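Contents: one structure, followed by commentary.
The values are calculated or read from the model by the stated rules, or taken from the named source; none is laboratory data. These numbers were taken from a predicted model, which means no experiment stands behind them. Every residue, glycine as well, gets a Cβ built from its backbone with ideal geometry; the counts of neighbours run over all protein chains shown. Heavy atoms of the whole protein, side chains included, go into the accessibility calculation; ligands, DNA and RNA do not. Shrake-Rupley method; radii C 1.70, N 1.55, O 1.52, S 1.80 Å.
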Amino acid sequence: MAAHTILFDFTLDKDKTSDEKQRLEVAKILRNELEHVFPQLELAYSMESPENGYFAVLHENKDTVITCRIFQHGLLTLNVEYFLPDGKEGISFDTMRTVELILRQKFDSDRSKYLPPIKRGGYIDIYMTSSDERIIEYDIDQVVYEARSPFQKIQIMHSKTLGNMLLLDELQNIAESDLIYTETLMCRGVENYEGKEICILGGGDGALLYELLKENPKHVVMLEIDEIVMQACNKYLSVICGDVLEKRKTDQYEIIVGDCVEYLKKFIADGRKFDYVFGDLTDIPITDAPVGETWDFIRTIFEHSFKVLKPDGKYLTHGNGSTCKVQLRLFEEQLDLLRPKVKYTTTKAFVPSFMEEWLFYQVTFA
């Protein structure tokens, strides 16, 4: 079940909406045409003002509610909202498309746009956002798993095109379709991991550990705080993690459940060094300045990670969407402040379940 919201907008000649009389004429035409689809349509409320233009609320049997705004600048917006129980069919695409085309002709509109129903509410959330806050609709058809750990909300959803997807606090993390994400993070084919000692910070989905072990490293230690995430991924995301989350320690690797910062401090005290450190933790925050708890956490990770890197070691991490230019620049400025000085390169990949291009960093001592 969900409330369906259908959105229209029309761009008109400003001369048709510049004064009250003309806006009321546009509203009359609009209502006449809508009554062909909603024959019992009634006007519940209307308002007209020189500053804000025309606004009206109409309804059909109080089940379908239509809001309309006519702006004096030549813009008409129309929202149709109705509740749709499970198993019932809503207003068809053809019907709404016909309404758009007829209204466009009636208004001699320069352009028009119709958006199919946005499904609001219900148990399955099919809408998420890109890194720069664009709305993305997923073809999710099932909630496979849902739990709340002491640290976050954990969900595994099934997408018809992407397979099972891991969501943490309702943010998309990785899907069965996303091998390119892991391969770009680890620079597969460029970096040589054979015989190397590696530390993964985070990585609870197990994908990075699984792919690194194929490269025959000497040993990998993974520091992940959320045991429940690993249990869920082991059961429902084995396509990307294989069986590496079945055990917490083998000759090839060790998974330590705990705060990675505290274990990094221990490694520093013990003088332990790694050829590679992976930051598979939080994304670069979408803020206008490098302040706040998440930025402080990123700086702490930098400080400790480079203390456990060998002189010729490398720190590899994901950044954020390539469109987040300001935030990526802020991240790079934090790298530039590090002492000893570091240098970095970047790689990009289009990640299927993110539906956008993502940026990755490779950082070494200068």
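If you go through the range 183-200 one residue at a time, how many are surrounded by fewer than 23 Cβ atoms within 10 Å (Cβ to Cβ) and not in a loop (DSSP other than H, G, I, E, B)?
Adding up the residues that qualify gives 5.
Those residues that are part of a strand (DSSP E or B) and either under 16 Å from residue 105 (Cβ atoms) or outside the structural domain of residue 105 (by TED's automatic domain parsing) (or both), I need them from the range 6-43; list them, please. Please lay out each step first, then the result.
Let us first name the residues in the range 6-43 that are part of a strand (DSSP E or B), namely 6-11, 41-43.
8, 9, 10, 11 - these are the residues of the range 6-43 that are part of a strand (DSSP E or B) and either under 16 Å from residue 105 (Cβ atoms) or outside the structural domain of residue 105 (by TED's automatic domain parsing) (or both).
Report, by residue number, each residue of the range 252-283 that is of a type in the set (D, E, K, R), closer than 18 Å to residue 197 by Cβ and without any contact (Cβ under 8 Å) to a residue 24 or more places away in the chain.
266, 270
Restricting to the range 204-235, and then to whatever is in contact (Cβ under 8 Å) with a residue 60 or more places away in the chain, outside any loop (DSSP other than H, G, I, E, B) and touching a helix residue (DSSP H, G or I) at 6+ places or on another chain (Cβ under 8 Å), can you tell me which residue is surrounded by the most Cβ atoms within 10 Å (Cβ to Cβ)?
208
Give me a count of the residues in the range 323-354 that are touching a residue at least 60 places away in the same chain (Cβ under 8 Å) and either not in a strand (DSSP E or B) or not basic (Lys, Arg) (or both).
Qualifying residue count, the range 323-354: 9.
Might you let me know whether the range 54-69 holds any residue that is acidic (Asp, Glu), crowded, with 17+ Cβ neighbours inside 10 Å and either at pLDDT 95 or above or farther than 15 Å from residue 106 by Cα (or both)?
Checking the range 54-69: at least one residue is acidic (Asp, Glu), crowded, with 17+ Cβ neighbours inside 10 Å and either at pLDDT 95 or above or farther than 15 Å from residue 106 by Cα (or both).
Would you confirm whether or not the range 163-182 contains a residue that is open to solvent by less than 30 Å² (accessible area, probe 1.4 Å), part of a loop (DSSP other than H, G, I, E, B) and at positive phi?
no
Of all residues in the range 154-208 being among the acidic types (Asp, Glu) and in contact with a strand residue (DSSP E or B) (Cβ under 9 Å, 6 or more places away or on another chain), which is modelled with the lowest pLDDT?
170
Can you name the condition, by its number, that residue 123 falls short on among (1) closer than 25 Å to residue 324 by Cα; (2) without any contact (Cβ under 8 Å) to a residue 60 or more places away in the chain; (3) aromatic (Phe, Trp, Tyr)?
Single failed check for residue 123: (1).
Please find, within the range 251-271, the residue that is nearest to residue 186 (Cα to Cα) out of those that are touching a helix residue (DSSP H, G or I) at 6+ places or on another chain (Cβ under 9 Å), open to solvent by 40 Å² or more (accessible area, probe 1.4 Å) and not in a strand (DSSP E or B).
If we take residues in the range 251-271 being touching a helix residue (DSSP H, G or I) at 6+ places or on another chain (Cβ under 9 Å), open to solvent by 40 Å² or more (accessible area, probe 1.4 Å) and not in a strand (DSSP E or B), then 252 is nearest to residue 186 (Cα to Cα).
Residue by residue, here is whether (1) farther than 20 Å from residue 133 by Cα; (2) touching a Leu at 6+ places or on another chain (Cβ under 9 Å); (3) crowded, with 20+ Cβ neighbours inside 10 Å; (4) not assigned by TED's automatic domain parsing to the domain that holds residue 182 holds:
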{"position": "297", "(1), (2), (3), (4)": "yes, yes, no, no"}
{"position": "315", "(1), (2), (3), (4)": "yes, yes, yes, no"}
{"position": "323", "(1), (2), (3), (4)": "no, no, no, no"}
{"position": "339", "(1), (2), (3), (4)": "yes, no, no, no"}
